[in-house]
Structures are given as C-alpha cells and as structure tokens.
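K.L.:
Take a look at this one; I'll ask things after.
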Amino acid sequence: MKVSAKGEYGVRAMAILALEFHEGPLPLRVIAERENISLQFLEQIFLPLRRAGLIESVRGAKGGYLLAKSPDQIRVGDILRVLEGPIAPVECVGKGSGKVCDRSDACLTRGIWERLRDSMSEVLNDITLADVINMSAD
C-alpha cells in the first residue's frame, strides 16, 4: 500500500488538530498554512473525515475544525481507511473485497499479502494521534 498525498496530508492535518486539541476550533486556512497544503485540497480531505465522525466543524468568527474525540482515541489507521480505503498491499486481500480474483483459492502468494496487510493494520491501529504528537517531541 502506498499512501497518497491525500492520506499523508490528512494525517498531518489531524496531527495539527491533535496538537491544538485543547485550544478550540482551528480555521482550515491556519492548518493549510502551517502544513503548506493547498486550502482547496484540504477542504476535499476534511469532508470525508467529518462524515466519518473524526472531526467536527464549528461555524462563526471563532469557528474552524476540531477533533471529534480526544487524540488518544483516534488511530492513524482510522484516518487512512477513511481517506485511502482498505489497508491492503494488493486488492484481493482488502477487507470486504470478497473473492476479487478467480485464482484466490489456489493462489500461492495470498498468504504473504494477508500477513503484510495484517502487519500494516496492526502498526497503524497501534498509533494514535496522541502517539504522533509524543513521537514528534522525542
């Protein structure tokens, strides 16, 4: 699995929201400037994150975006699944992919891809936004 710019920028923007969690809503423009991300692209990224319940928007002069849960309750895997889809190195082992390949029953390499998928998911599900902040402080 290669993480696209959408996934990378989404995790970076969510880390900024985690860093500012106790400060209240943060305008999208501020996040875009801090992370050098196009405002229009960030708007496209935040829409599915809001729909998934990971962030909330607040209207008004002091409005902006904030995390819907505390940073220790949002996992990097949650963010990437919303923005990238299933975490899988090949399509045939993506969660919910069913029988995508007519060779899946006889595939000699399927076990490799399943183990890789499981390892990637384990790492991404073990890291919360709170961990991301702590990692950057080390």
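K.L.:
Could you tell me whether Glu20 is of a type in the set (D, E, K, R), crowded, with 17+ Cβ neighbours inside 10 Å and over 30 Å from Ile112 (Cβ atoms)? Show your work before the answer.
P.N.:
Values: of a type in the set (D, E, K, R): yes; crowded, with 17+ Cβ neighbours inside 10 Å: yes; over 30 Å from Ile112 (Cβ atoms): yes.
Yes: the conditions hold for Glu20.
K.L.:
Could you pull out the residue among Gly96, Gly60, Gly53 that is small (Gly, Ala, Ser) and either modelled with pLDDT of 95 or more or outside any loop (DSSP other than H, G, I, E, B) (or both)?
P.N.:
Selected residue: Gly53, the only one of Gly96, Gly60, Gly53 that is small (Gly, Ala, Ser) and either modelled with pLDDT of 95 or more or outside any loop (DSSP other than H, G, I, E, B) (or both).
K.L.:
What tally of residues in the stretch 36-46 results from selecting those that are in a helix (DSSP H, G or I) and farther than 15 Å from Leu83 by Cβ?
P.N.:
2
K.L.:
Could you pull out the residue among Ala32, Ala13, Ala18 that is in a helix (DSSP H, G or I) and touching a Pro at 6+ places or on another chain (Cβ under 7 Å)? Show your work before the answer.
P.N.:
Details: Ala32 fails: touching a Pro at 6+ places or on another chain (Cβ under 7 Å); Ala13 fails: touching a Pro at 6+ places or on another chain (Cβ under 7 Å).
That would be Ala18, the only listed residue that is in a helix (DSSP H, G or I) and touching a Pro at 6+ places or on another chain (Cβ under 7 Å).
K.L.:
Tell me whether the stretch 107-120 contains one or more residues that are closer than 30 Å to Val30 by Cα, in contact with a Gly (Cβ under 8 Å, 6 or more places away or on another chain) and surrounded by 13 or more Cβ atoms within 10 Å (Cβ to Cβ).
P.N.:
No.
K.L.:
Restricting attention to the stretch 55-67, does a residue exist that is within 18 Å of Ala130 (Cα to Cα) and among the small types (Gly, Ala, Ser)?
P.N.:
Within the stretch 55-67 (the criterion being within 18 Å of Ala130 (Cα to Cα) and among the small types (Gly, Ala, Ser)), the answer is no, since none of the residues qualifies.
The values are calculated or read from the model by the stated rules, or taken from the named source; none is laboratory data. Note that the coordinates shown come from a computational prediction; the quantities given were computed from them, not determined experimentally. Neighbour counts run over all protein chains shown; Cβ positions are idealised from the backbone, glycine included.
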